[in-house]
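The values are calculated or read from the model by the stated rules, or taken from the named source; none is laboratory data. Everything numeric here is computed off the predicted structure, so don't read it as measured data. Don't worry about glycine lacking a Cβ; one is built from the backbone with ideal geometry, like all the others, and counts go over all protein chains shown. Quick note on the areas: whole protein, heavy atoms, side chains included, nothing else; ligands and nucleic acids left out. Shrake-Rupley method; radii C 1.70, N 1.55, O 1.52, S 1.80 Å.
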Amino acid sequence: MVMQSLLPRPHLVRRIADETASLIFIRAPAGAGKSTLLRMVAGNLGKPVCTAYQPRLDDVADGWLIWDVPVTARSARLSTQVLEAARSVLIACRPEQRISGMARRILHQGAVTYDAAQVVFAENENRNSSRPAPAASFARLRRLAGLPADRGTAG
């Protein structure tokens, strides 16, 4: 297996890790980098990533549930017990996936969503990297996210 090197995203990772909402979604189409970004945030926080269809209590680590919803799940539900055990919940999923069981949490504690426009690389994010990425890569990522290929900055 060939390991690709990833461009760091320290500003976005820190912004997500520092969110005050108790429920954070990373919602973007396939190929936009949700899972990679989720793992970067988890690594920054020193927390594991749950990839199960149904997170369990033992998936909550130090008040965090970080869940990469399986691509084959059309819908999923977080149990009340898991939600009560987690102070912060970070979920990566596709826009068409429905995650239920969180209405009360959203109403009382708030939620924030990072969508495709905020997740996909903007061309200027690569300026601080020592590894240049071709403009075609940015255009491809933006097309996958349903955004104009020529947009120079994200969100």
Selection from the range 52-79 of residues that are in contact with a strand residue (DSSP E or B) (Cβ under 6 Å, 6 or more places away or on another chain), surrounded by 15 or more Cβ atoms within 10 Å (Cβ to Cβ) and either closer than 12 Å to C93 by Cα or without any contact (Cβ under 8 Å) to a residue 24 or more places away in the chain (or both): D59, I66, W67, D68, V69, A76
Condition check for Q109: surrounded by 14 or more Cβ atoms within 10 Å (Cβ to Cβ), more than 23 Å from P29 (Cα to Cα) and either touching a Ser or Thr at 6+ places or on another chain (Cβ under 7 Å) or at pLDDT 90 or above (or both): yes
Pairs where the first residue, in the range 34-47, is closer than 12 Å to A92 by Cα and the second is of a type in the set (G, A, S) and assigned to a helix (DSSP H, G or I), C-beta under 7 Å, 6+ apart: V41/A17
Every residue from the range 53-82 that is at pLDDT 95 or above and aliphatic (A, V, I, L, M): L57, V60, A61, L65, I66, V69, V82
Criterion violated by L12 - all others in (1) surrounded by 19 or more Cβ atoms within 10 Å (Cβ to Cβ); (2) at pLDDT below 95; (3) part of a loop (DSSP other than H, G, I, E, B) satisfied: (3)
Qualifying residue in the range 85-103 (condition: closer than 28 Å to H11 by Cβ, open to solvent by 10 Å² or more (accessible area, probe 1.4 Å), in contact with a helix residue (DSSP H, G or I) (Cβ under 9 Å, 6 or more places away or on another chain) and part of a helix (DSSP H, G or I)): no
Extreme residue, least open to solvent (accessible area, probe 1.4 Å), among residues of the range 15-35 that are in a helix (DSSP H, G or I) and either within 18 Å of V69 (Cα to Cα) or acidic (D, E) (or both): I16
Residues satisfying the stated conditions in the range 22-65, i.e. of a type in the set (D, E, K, R) and more than 22 Å from A116 (Cα to Cα): K47, R56, D58, D59, D62
